[in-house]
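Peer 1: Questions regarding the structure given below will be posed in turn.
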Amino acid sequence: MKALAYDAFGSADVLHFADLPTPKPAPGEVLVAMRATSLNLIDARVRSGMMGPLVRKRFPKIPCADVAGTVAALGDGVDGLRIGDAVFGAVNPFAGGALAEYAAVPARQLAIKPPDLSFEQAACLPIAGLAALQALRDLGRVSAGSEVLIHGASGPVGLFAVQLAKHFGGRVTAVAGTPGIAAVRAAGADEAVDYRLQGGLDFPRAFDVIVNASGALPFAKAKRFLRRDGRLIEPSPTIPLFIGSKLANLVRTRQHLALAVAPKRDDLETVASLAVQGRVATTIAWHFAFSEAKVALEALDRGGTVGKLVVGIA
């Protein structure tokens, strides 16, 4: 099969197309004939080598985690899916494997794609959509009346977080750069703040939950805007942050929480249902052909994109 691959950690310069063996689904896995994938911050972090011991050093590696396609083969013990089914989900983001013609995926990390969603739309939902859902629902426990700040609100996770926070009944303040202000307002933010036009972040209220979707809001700054029992949530934490925040939380009331996204069928079905209902929209910034996949990952490295970068594979 054709795949975008890399043989050493580094910048997007290490990426190249290669002919690699088509994976065989292990027991409990499904072989997906890929139709589309989308890009996430974790993809760049894994490829750069910054995720350390969470990533095996065996090469070649195939980047990306979001999966959308059709079932090509079933491993032993897989129930509820049939060959030809249209599915979406995610592989382990620390292993990757989605930027290829085929990907082997644990069946529990796949759901049936609703017919009302295209493969490109479905590919946007798994990592970013689940990060927003699990951050707000499970770690933030956002409910009616919660004051929520989304920092980096026009990025892949941020736009989902704005919409889901509103869905859960929160009052949402969204921080974004100038190009993203219109998008966060369209997503339903009660207040949109352009960080580029403001000398420094300052707010007239404290927040119950802050989602650091940009990864650029340190706890030392965020705690000034948190209520005494408030929570700063990191949907894309680094390893030092993941470990350090757990230790520091033992001695403080304002909590710094790191999310490890868990792709699972129930949550995939939840975000897909909300998308079909129009409660959550997928904002696709750029569509790339498979032949342009390296260009797409270079764009991911540059950052600043409003919405998702999507690569069509077939």
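The values are calculated or read from the model by the stated rules, or taken from the named source; none is laboratory data. Predicted model, so just to flag it, every value in this text is computed and none were measured. Ideal geometry is used to build each Cβ from the backbone, glycine not excepted, and the neighbour counts take in all protein chains shown. Heads up: the accessible areas ignore ligands, DNA and RNA and are worked out on the full protein's heavy atoms, side chains in. Shrake-Rupley method; radii C 1.70, N 1.55, O 1.52, S 1.80 Å.
Peer 1: Given the conditions (1) part of a loop (DSSP other than H, G, I, E, B); (2) farther than 29 Å from A65 by Cα, and given that V193 satisfies all but one, which numbered condition is not satisfied?
Peer 2: That leaves (1) as the condition not met.
Peer 1: Looking only at segment 66-80, count how many residues are open to solvent by less than 10 Å² (accessible area, probe 1.4 Å) and of a type in the set (A, V, I, L, M, F, W, C).
Peer 2: 3
Peer 1: One residue is enough: does segment 127-145 have a residue meeting the conditions among the hydroxyl-bearing types (S, T, Y), surrounded by fewer than 22 Cβ atoms within 10 Å (Cβ to Cβ) and in contact (Cβ under 8 Å) with a residue 24 or more places away in the chain?
Peer 2: Looking only at segment 127-145, we keep the residues that are among the hydroxyl-bearing types (S, T, Y), and these are 143.
Still in the list and also surrounded by fewer than 22 Cβ atoms within 10 Å (Cβ to Cβ): 143.
After this cut, where a residue has to be in contact (Cβ under 8 Å) with a residue 24 or more places away in the chain as well, the list is 143.
Among the residues of segment 127-145, at least one is among the hydroxyl-bearing types (S, T, Y), surrounded by fewer than 22 Cβ atoms within 10 Å (Cβ to Cβ) and in contact (Cβ under 8 Å) with a residue 24 or more places away in the chain, which makes the answer yes.
Every residue, every condition in (1) of a type outside the set (G, A, S); (2) touching a Pro at 6+ places or on another chain (Cβ under 6 Å); (3) within 15 Å of A213 (Cβ to Cβ); (4) open to solvent by less than 20 Å² (accessible area, probe 1.4 Å), yes or no:
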position	(1), (2), (3), (4)
P156	yes, no, yes, no
L159	yes, no, yes, yes
A176	no, no, yes, yes
A182	no, no, no, no
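Peer 1: Would you be able to tell me the number of residues in segment 216-262 that are under 17 Å from V175 (Cα atoms) and out of contact with any helix residue (DSSP H, G or I) (no Cβ under 7 Å at 6 or more places or on another chain)?
Peer 2: So the count comes out to 10.
Peer 1: Are any residues in segment 149-190 within 18 Å of V271 (Cβ to Cβ), among the β-branched types (V, I, T) and not in a helix (DSSP H, G or I), and if so, which ones?
Peer 2: Step one: filter segment 149-190 for residues within 18 Å of V271 (Cβ to Cβ), giving 150, 153, 155-170, 172, 187-188.
Within this subset, residues satisfying the condition of being among the β-branched types (V, I, T) are 150, 157, 162, 172.
Selection gives I150, V172.
Peer 1: Specify the residue that is most open to solvent (accessible area, probe 1.4 Å); the eligible residues are those in segment 263-273 that are touching a helix residue (DSSP H, G or I) at 6+ places or on another chain (Cβ under 7 Å) and not basic (K, R).
Peer 2: To start, the set of residues in segment 263-273 that are touching a helix residue (DSSP H, G or I) at 6+ places or on another chain (Cβ under 7 Å) comprises 263-265, 267-268, 270-272.
Subset that is not basic (K, R): 263, 267-268, 270-272.
Working: P263: 24, D267: 8, L268: 1, T270: 51, V271: 6, A272: 3 Å².
Among them, the one singled out is T270.
Peer 1: Provide a single number: the residues in segment 205-215 that are in contact with a helix residue (DSSP H, G or I) (Cβ under 8 Å, 6 or more places away or on another chain) and either open to solvent by less than 10 Å² (accessible area, probe 1.4 Å) or part of a strand (DSSP E or B) (or both). Full working, then the answer.
Peer 2: Start the filter on segment 205-215 by keeping residues that are in contact with a helix residue (DSSP H, G or I) (Cβ under 8 Å, 6 or more places away or on another chain), which leaves 206-207, 209-215.
Checking which are either open to solvent by less than 10 Å² (accessible area, probe 1.4 Å) or part of a strand (DSSP E or B) (or both) leaves us with 207, 209-212.
So the count comes out to 5.
Peer 1: Just for segment 34-65: of the residues that are among the basic types (K, R) and touching a residue at least 12 places away in the same chain (Cβ under 8 Å), which one is most open to solvent (accessible area, probe 1.4 Å)? Before the answer, list the steps.
Peer 2: First pass over segment 34-65, keeping only residues among the basic types (K, R): 35, 45, 47, 56-58, 61.
Then drop every residue that is not touching a residue at least 12 places away in the same chain (Cβ under 8 Å), which leaves 35, 45, 47, 56, 61.
On the way: R35: 89, R45: 34, R47: 8, R56: 151, K61: 19 Å².
Among those that are among the basic types (K, R) and touching a residue at least 12 places away in the same chain (Cβ under 8 Å), it is R56.
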